[in-house]
1. Summing +1 for each Lys or Arg and -1 for each Asp or Glu, what net charge is found among the other residues whose Cβ lies under 14 Å from the Cβ of Ile16?
2. Report the relative contact order of region 12-72, percent, no decimals, based on alpha-carbon pairs under 8 angstrom and at least 6 residues apart.
3. Report the Stokes-Einstein translational diffusion coefficient (µm² s⁻¹, integer) for region 12-72, Rh taken as the Kirkwood radius over Cα pairs, at 37 °C with viscosity 0.692 mPa s.
4. In debye to the nearest 20, how big a dipole does the chain give about its Cα centre with +1 on each Lys and Arg Cβ and -1 on each Asp and Glu Cβ?
5. Which value at 222 nm does the chain reach when only helices count, each DSSP H run of 4 or more adding -39,500 (n - 2.57), with the total divided by all residues and rounded to the nearest 500 deg cm²/dmol?
6. If you fit an axis through the alpha-carbon atoms of helix 42-59 and take the longest principal axis of the Cα set of the chain, what angle between them do you get, 0 to 90°, nearest 10?
7. Quick one: net charge of Glu79's neighbours, Cβ under 10 Å, K/R +1, D/E -1?
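Every number here is computed from the coordinates shown, using simple stated rules; none is lab data. Just so it is clear, the model here is predicted, and its values are computed rather than measured. Please note: Cβ atoms are built from the backbone with ideal geometry, for glycine as well, and neighbour counts cover all protein chains shown.
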Amino acid sequence: MAKNVPDRYPSNQDSIGIEIVGQALPVSEPDPDKRTYEALTKEQSDSLKWLIQELRLSLKVPLTEIFRHPTVSYKNKTEAATASW
């Protein structure tokens, strides 16, 4: 937080997060880094594309400012791996 955007990634204080619910498999694996998130459904993908387009138009957000969560925070690298916009 000592740096201003774009010299740092956005934080919860100055960004919008979009949650896509999916399961990390196998469920029995205790180490979350060894799980792989299931692919988005067609409906999730279509909804995500629509929502991002609406946010881009209404808030003037460039594509260069839209990130997958693992890019800006420690998360499982496969989270949102199949998301596209």
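1. Cβ neighbours under 14 Å give a net charge of -1.
2. About 20 percent, as a whole number.
3. D = 241 µm²/s.
4. 240 debye
5. -8000 deg cm²/dmol
6. Roughly 20 degrees, rounded to the nearest 10.
7. Net of charged neighbours comes to +4.
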